[in-house]
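S.K.: Quick one: the structure is below, and I'll ask about it shortly.
Since every read-out is calculated from the coordinates, none of them should be taken as a lab result. What you see is a predicted model, and the numbers here were worked out from it, not measured in a lab. Using ideal geometry, Cβ is built from the backbone for each residue, glycine included, and neighbour counts are taken over all protein chains shown.
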Amino acid sequence: MRPLGTAAVLIVSLASVACVEGFINEVEPVTLPEVSERARALHESALVADLHADSLLFRRDLTKRVSRGHVDVPRLREGGVGLQVLGVVTRVYAGTNLDRNEASGFDLVTLLGCVSLRRACFGGAFERVEEQAGLLAKNVARDGDLLWIRTKADLATLRERRAANANVVGVSLGIEGAHALEGDPANLEQAFALGVRMIGLAHFFDNAYAGSAHGVEKGGLSRVGRRTLARMEQLGITVDLAHSSPTAIDETLATVSKPVVVSHGGVKGTCDNLRTLSDDHVRAIAAGGGVIGIGYWEAAICGTKPEHWARAVRHVADLVGDEHVGLGSDYDGATTVGFDTSQLAALTQALLDAGFEENAIRRILGGNVLRVLAQTLP
Ligand SMILES: [Zn+2]
């Protein structure tokens, strides 16, 4: 009876994590613009790149299409996505909000780890990085047309292979919150070895590296934060300012020598809250050659329709040019969105409707992200 018992526990656990995911990564469908032939052709001719999704957290086989959540590889292909950056989330405390979070409480990633019988149930934050990197490796091994992007050469291979075969999708790995490194410089080296190529120093709470936009102190960079940034740039790990406090953003921009990204967010110009960037920060990020990924959820764009997204893109483009804005979905990041990744052609239509010309649209859809990665990757 024992194998049956184990199987029953496994089935219940997997059902639970699916249930949790169905509840927190919702699609509340919005009316999408009708995608014209022109928009469809333009979308297919672009290399669409999304800077941030948290899909690894939910332990799905991403090579299989499912009806919950926002991202899997079949849906990426249907949505014409050529590059998806996947973030690793290691701690989210119950009651997390945009305004003020302590770095303590009941950790929901632990809960998710326990219901799916993963190491994350007991392991530390860095073990969660190792585990999610392992999950990405498993997905890449399952699908010969998934290409893990770790170097500039991989980016070139992605362009070449995708030109011949639209099924080829690049994936890359990032971390949300340097607390995942647990203060140990060796963990940064190990993260790089595991394939991590993007790190946002802060997530929803202040940590030993940097202040969070949603923390208690909302301070700047610590000494270890500065050392970590310097080593990230040496290794070829892209600096991500999403969730950083305004002071941490200022101090990071004064420190770095390469372009940075904001992997998922919005702008105060169209949606003013603690999660979004001031015009001054948009200008400073653009001055360094960086790119701002605009999300599709309410707190990022004050709406969930493609036209709300295009309005934020237009704000950045009018302020600093269309070379500094891109896609930053935050899919599967406990977000409620109006469309999943299979429906991204609607964004191209929204950009045409907002009056952008075709080359600008190709840059916004992915060209800008690829330009920055080509400058930051090893
Ligand atoms: Zn996030």
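S.K.: Over 14 Å apart: what share of the alpha carbon pairs of segment 272-354 falls there, rounded to a whole percent?
M.R.: Result: 61 percent of Cα pairs exceed 14 Å.
S.K.: Still on this structure, I have one more. Can you list the DSSP H helices in the chain whose Cα atoms extend at least 24 Å along the helix axis and whose mean Kyte-Doolittle hydropathy is 0.5 or higher? Numbers along the way, then the final one.
M.R.: Working: long enough: 2-24 (33 Å, 1.61); 125-142 (26 Å, -0.27).
Span-like helices here: 2-24.
S.K.: Would you kindly state how much longer the chain becomes between D353 and E26 on full extension, computed as 0.36 nm times their sequence separation minus their alpha carbon distance, in nm to one decimal?
M.R.: Value of the extension gain: 115.1 nm.
S.K.: Evaluate E = 1/(1 + (r/R0)^6) for D250 and D318, where r is the Cβ-Cβ distance and R0 equals 25 Å; express this FRET efficiency to the nearest 0.05.
M.R.: Working: r = 23 Å, r/R0 = 0.92.
The computed FRET efficiency comes out at 0.65.
S.K.: Shifting gears a bit: Aspartates and glutamates within cross-link reach of K258: Cα-Cα under 15 Å, excluding same-chain residues under 8 positions apart?
M.R.: Filter leaves E233, D240, D250.
S.K.: For segment 126-240, what are the per-bin percents of Cα-Cα distances with bins 10 Å wide, up to the bin holding the maximum?
M.R.: All Cα pairs, binned at 10 Å, distribute as 14, 40, 29, 14, 3, 0 percent.
S.K.: If I take R0 = 22 Å and measure r between the Cβ atoms of R142 and N165 in this structure, what FRET efficiency does the formula 1/(1 + (r/R0)^6) give, to the nearest 0.05?
M.R.: Between R142 and N165 the formula returns 0.80.
S.K.: I've got another one for you. About its Cα centre, what dipole magnitude does the chain give when the only charges are +1 on Lys and Arg Cβ and -1 on Asp and Glu Cβ, stated in debye to the nearest 20?
M.R.: It works out to roughly 880 debye.
S.K.: When you count, for each residue, the other Cβ atoms within 10 Å and take the mean per peptide, how do 127-140, 238-251, 342-355 rank with the highest first?
M.R.: Details: 127-140: 19.2, 238-251: 24.1, 342-355: 21.6.
Ranked from most to least packed, the peptides come out as 238-251, 342-355, 127-140.
S.K.: Per-residue ellipticity at 222 nm for the chain, helices alone: DSSP H runs ≥ 4 residues times -39500 (n - 2.57), over residue total, nearest 500 deg cm²/dmol?
M.R.: One gets -13000 deg cm²/dmol as the mean residue ellipticity at 222 nm.
S.K.: So, counting K/R as plus one and D/E as minus one, what does the shell of residues with Cβ under 15 Å around T348 add up to?
M.R.: -4
S.K.: Let me have the relative contact order for the chain, percent, based on Cα pairs under 8 Å that are six or more residues apart.
M.R.: Rounded, it is 22 percent for the chain.
S.K.: Next question, about the same structure. Students often forget the sequence filter, so: which aspartates and glutamates lie under 12 Å Cα-Cα from K268 once same-chain residues fewer than 8 apart are removed?
M.R.: Excluding near neighbours in sequence, the set is D279, D280.
S.K.: Among G105, G134, T90, which residue has its Cα positioned farthest towards the positive end of the charge dipole of segment 82-191, with +1 placed on the Cβ of Lys and Arg, -1 on the Cβ of Asp and Glu, and the dipole taken about the Cα centre?
M.R.: In segment 82-191, that residue is G134.
S.K.: Same structure again: Where does segment 65-197 land on the Kirkwood hydrodynamic radius, alpha-carbon pairs, in angstrom?
M.R.: It works out to 16.4 Å.
S.K.: Show me 223-234, 29-40 ranked by packing, highest mean number of other Cβ atoms within 10 Å first. Spell out each step's value before the answer.
M.R.: Details: 223-234: 17.4, 29-40: 14.2.
Answer by packing, highest mean first, reads 223-234, 29-40.
S.K.: So what's the net charge close to V216: Lys and Arg +1, Asp and Glu -1, counting the other residues with Cβ under 12 Å from its Cβ?
M.R.: Details: positive: R100, K218; negative: D99, E102, D206, E217.
Its environment carries a net charge of -2.
S.K.: Could you sort the peptides 331-338, 96-103 by per-residue average Cβ neighbour count (10 Å cutoff), highest mean leading? Before the final figure, lay out the partial values.
M.R.: Working: 331-338: 22.5, 96-103: 13.6.
Answer by packing, highest mean first, reads 331-338, 96-103.
S.K.: Continuing with this model, one more query. Using 0.36 nm per residue, how much length does the chain from K258 to R65 gain when fully extended, once their Cα-Cα distance is taken away?
M.R.: Details: separation 193, 0.36 × 193 = 69.48 nm, distance 3.70 nm.
Here the answer is 65.8 nm.
S.K.: Now a separate question. Find the centroid of the Cα atoms in segment 50-80 and in segment 338-378, then give the distance between the two in whole Å.
M.R.: Taking the Cα centre of segment 338-378 as reference, the centre of segment 50-80 is 18 Å away.
S.K.: Please give me the summed charge of the neighbours of H315: other residues whose Cβ is under 10 Å from its Cβ, Lys and Arg +1, Asp and Glu -1.
M.R.: Computed value for this residue: +1.
S.K.: Take the Cα atoms of the chain, find their three principal axes, and give me the spread along each one in whole Å, biggest first.
M.R.: Result, largest extent first: 64, 46, 38 Å.
S.K.: If you average 1/r across every pair of different Cα atoms in segment 236-309 and take the reciprocal, what Kirkwood value do you get, in Å?
M.R.: Hydrodynamic radius (Kirkwood, Cα pairs) of segment 236-309 is 12.4 Å.
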